[in-house]
Amino acid sequence: MKVVLQRVASASVSVDGALVSSIGKGYLLLVGLEEKDDEETVLKMAAKVAGLRVFEDENGKTNLSLIQVGGSILSISQFTLLADASNGNRPSFIKAMRPPLSEELYHRFNQEISKFGYEVKEGIFGADMHVNLINEGPFTLVLDSKELFK
């Protein structure tokens with residue numbers, strides 16, 4: 001499982017020109033599930049995301065959590081995070097989990113984060129989405145379950 005976390009001042013997602021979801025201060029999450037991922041992976045990643053402290057305190061240190069700054073989350077499914085571009089010029093997505101299990105685990109991930117007290121908004125799974133954001137910092141983390149949960 002891979003999650004790209006971007007600290008944002010605001011973010012939104014639209015499908016076919018219609019606004020689907022938007023947030024103010026918070027996290028934009030791009031979420032990719034791999035064939036080998038399971039519910040345990042999803043639960044661990046949700047806890048990791050929920051516990052991160054990436055907002056600045058009064059001393060300018062990244063010491064505050066999303067809950068402490070009153071932020072929200074916009075979560076977008078993105079199977080392309082599992083692309084393998086090691087051979088040739090056309091990426092392979094063979095490692096990406098296929099629906100319907102990927103959709104089920106994506107929603108489970110978002111539900112689990114909300115249990116920590118966060119408002120979690122979503123894009124539309126499998127849709128061609130337009131995502132807009134104002135990156136704050138910029139502050140971007142790439143979280144990979146293979147590295148985090150050895």
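The values are calculated or read from the model by the stated rules, or taken from the named source; none is laboratory data. Predicted, not measured: the structure shown is a model, and the values here were computed from it. Cβ: placed from backbone, ideal geometry, glycine included. Neighbour counts: every protein chain shown. Ligands, DNA and RNA are excluded from the accessible area calculation, which covers all protein heavy atoms including side chains. Shrake-Rupley method; radii C 1.70, N 1.55, O 1.52, S 1.80 Å.
Observations on the structure shown:
- Selection over the range 111-134 of residues that are hydroxyl-bearing (Ser, Thr, Tyr) and either at pLDDT below 95 or in contact with an Asp or Glu (Cβ under 6 Å, 6 or more places away or on another chain) (or both) gives a count of 0.
- Subset of the range 85-98 [surrounded by 14 or more Cβ atoms within 10 Å (Cβ to Cβ) and either among the basic types (Lys, Arg) or out of contact with any helix residue (DSSP H, G or I) (no Cβ under 8 Å at 6 or more places or on another chain) (or both)]: 95
- Pick from the range 18-29, criterion surrounded by fewer than 21 Cβ atoms within 10 Å (Cβ to Cβ) and either without any contact (Cβ under 8 Å) to a residue 60 or more places away in the chain or among the β-branched types (Val, Ile, Thr) (or both), ranking: nearest to residue 118 (Cα to Cα): 24
- For the range 115-126, a residue qualifies if it is exposed (fewer than 14 other Cβ atoms within 10 Å of the Cβ) and on the phi < 0 side of the Ramachandran plot, and exactly one does: 115.
- Selection count where residues are of a type in the set (Lys, Arg) and outside any loop (DSSP other than H, G, I, E, B), scope the range 16-44: 1
- In the range 70-99, the residues that are within 19 Å of residue 112 (Cβ to Cβ) and polar (S, T, N, Q): 72, 75, 77, 78
- Screening the candidates 148, 143, 105, 133 for the property of being open to solvent by less than 90 Å² (accessible area, probe 1.4 Å) and under 17 Å from residue 23 (Cα atoms) yields one hit, 133.
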